[in-house]
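Beneath this line is the structure, given in structure tokens, with notes to follow.
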Amino acid sequence: MNDIPEPDRLGDAPHPRMTEQLFGQEAAEAAFLDAWTTGRLHHGWLLTGPRGVGKATLAWRIARFLLTDPAAGADTLDPPAGHPALPRIRALSEPGLMLLRRPWDDKAKKLKTQITVDEVRRLGGFFGMSSGGRRVVIVDPADDLNPSAANAILKLLEEPPAAATLLLISHQPARLLPTIRSRCRVLRLGPLSPDALRAAVVQAGGHEAAAAPLAEGSVGAALELAEGGSDIYEALIDLFARPTLDRARARALADACAGKAGSARLDATIGALARLLHRAARAGLIGPPADAPDAEVAALTRLAPHDAAARAWAKLAQEVGDRIGHARAVNVDPAAIVWDALARIDDQARRI
């Protein structure tokens, strides 16, 4: 079991449950503490914001806080040192804690692409066996819930068990059921400041030099870029800086994601594609980033010269994200997933 990858962990960085300090999200921490100290603790919390800004780290800080007998007037989420629940939380053996994430498919020998309803049904036994104290459920991320699982979570939010707190992490809350969103209190986490980003990157085991502007305040993006993502993004910029797509190079970029050996490359490539579309949409409104290198400035200027282009890229970002999510759910060949995205970006570029 120790060889099974954790879907809610980024590469070789420590899992969020092992990360004790949260940088740059003081407002979100203060909002939760205020709800606790005023006796208005909601049963459902939706932690939203860009990937890699500390949503999961905050969820685990909240879980440790709630499961270590916090004082009514607590002024920090830091748990008491030496509390017996802390090692159990790190080992995922704390009776009052349940983590829902994409499960391992033992038959296919890989992680499933969604959180299934069978995972959510485990909560029945969890709440039945832990009825004597506070219970915490972390869903990481709620974006991965399949329709049946999402409806099961909705029922739980509508009729929450006593002393239960559900922490739903979401990178794209607009894609969740509106009824799930309406039954949760939202904690929004924004991009980290440069200083907070550097500190968080070092805590995650990276070098502070990885906290480059291209990461846009995201620890996850910074680590991904440092581990090859920046090279992939530069390759995308080079592809779309030209008026005609170099199909051979585009095909090579897609083929590099094929097979088990390309799984990590696929994740980095999908991240780079999303980054390109996001930055193109923003460039159409306010121009390329001031700190962007000349090659990126040239590419973004070509791709997004006006507001109409910005709207087109934003729409395409949504469409490409949806298609990638569906394709991964039904096990489409990774190379085909990337090639489809590249072809759609090229088609849009020709329309500008």
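The values are calculated or read from the model by the stated rules, or taken from the named source; none is laboratory data. Only a predicted model underlies this, so the values are computations on that prediction, with no experimental measurement involved. Note that each Cβ is placed from the backbone with ideal geometry, even for glycine, and that neighbours are counted across all protein chains shown.
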Checklist entry - Just wondering, is there one or more residues in region 42-57 that are free of Cβ contacts under 8 Å to residues at least 12 places away in the same chain and of a type outside the set (Val, Ile, Thr)? => result no
Checklist entry - So residue 133 fits all but one of (1) modelled with pLDDT under 90; (2) under 24 Å from residue 264 (Cα atoms); what number is the exception? => result (2)
Item to check | Residue within region 258-271 that is of a type outside the set (S, T, N, Q) and farther than 30 Å from residue 55 by Cα present | outcome: yes
Next on the checklist: Looking for something closer than 22 Å to residue 336 by Cα, in a helix (DSSP H, G or I) and not aromatic (Phe, Trp, Tyr) - is there at least one such residue anywhere in region 240-248?
Outcome noted: yes
Checklist entry - Regarding residue 96, is this residue over 24 Å from residue 173 (Cα atoms) and in contact with a Gly (Cβ under 7 Å, 6 or more places away or on another chain)? => result yes
Item to check | Failed criterion for residue 178 (all others in (1) surrounded by fewer than 20 Cβ atoms within 10 Å (Cβ to Cβ); (2) closer than 29 Å to residue 291 by Cβ hold) | outcome: (2)
Next on the checklist: Can you pull out every residue in region 182-204 that is basic (Lys, Arg) and either surrounded by fewer than 17 Cβ atoms within 10 Å (Cβ to Cβ) or under 13 Å from residue 222 (Cα atoms) (or both)?
Outcome noted: 185, 188, 198
Next on the checklist: Scan region 52-60 and tell me whether some residue there is closer than 22 Å to residue 25 by Cα, out of contact with any strand residue (DSSP E or B) (no Cβ under 7 Å at 6 or more places or on another chain) and at pLDDT below 95.
Outcome noted: yes
Checklist entry - Taking region 47-57 as the search range and keeping residues that are in a loop (DSSP other than H, G, I, E, B) and small (Gly, Ala, Ser), which one is surrounded by the fewest Cβ atoms within 10 Å (Cβ to Cβ)? => result 49
Next on the checklist: I'd like to know if region 302-311 contains one or more residues that are assigned to a loop (DSSP other than H, G, I, E, B) and under 25 Å from residue 146 (Cα atoms).
Outcome noted: no
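Yes/no matrix, rows are residues, columns are (1) assigned to a loop (DSSP other than H, G, I, E, B); (2) in contact with a Ser or Thr (Cβ under 8 Å, 6 or more places away or on another chain); (3) acidic (Asp, Glu):
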{"site": "13", "(1), (2), (3)": "yes, no, no"}
{"site": "27", "(1), (2), (3)": "no, no, no"}
{"site": "30", "(1), (2), (3)": "no, no, no"}
{"site": "45", "(1), (2), (3)": "no, yes, no"}
{"site": "59", "(1), (2), (3)": "no, no, no"}
Checklist entry - Only one of 73, 82, 44 is of a type outside the set (D, E, K, R), touching a helix residue (DSSP H, G or I) at 6+ places or on another chain (Cβ under 6 Å) and exposed (fewer than 15 other Cβ atoms within 10 Å of the Cβ); which? => result 73
Next on the checklist: For region 190-228, give me each residue that is of a type in the set (D, E, K, R) and over 16 Å from the mean Cα position of the chain (by Cα).
Outcome noted: 195, 198, 208, 227
Item to check | First in region 82-97 and over 22 Å from residue 161 (Cα atoms), second anywhere and of a type in the set (Asp, Glu) and surrounded by 14 or more Cβ atoms within 10 Å (Cβ to Cβ), Cβ under 6 Å, 6 or more apart | outcome: 88/94
Checklist entry - Is region 107-121 home to any residue that is surrounded by fewer than 17 Cβ atoms within 10 Å (Cβ to Cβ), on the phi > 0 side of the Ramachandran plot, out of contact with any Ser or Thr (no Cβ under 8 Å at 6 or more places or on another chain) and charged (D, E, K, R)? => result yes
Checklist entry - Does residue 119 meet the test of being closer than 20 Å to residue 15 by Cβ and in a loop (DSSP other than H, G, I, E, B)? => result no
Checklist entry - Which of the following residues is buried (at least 17 other Cβ atoms within 10 Å of the Cβ) and β-branched (Val, Ile, Thr): 270, 286? => result 270
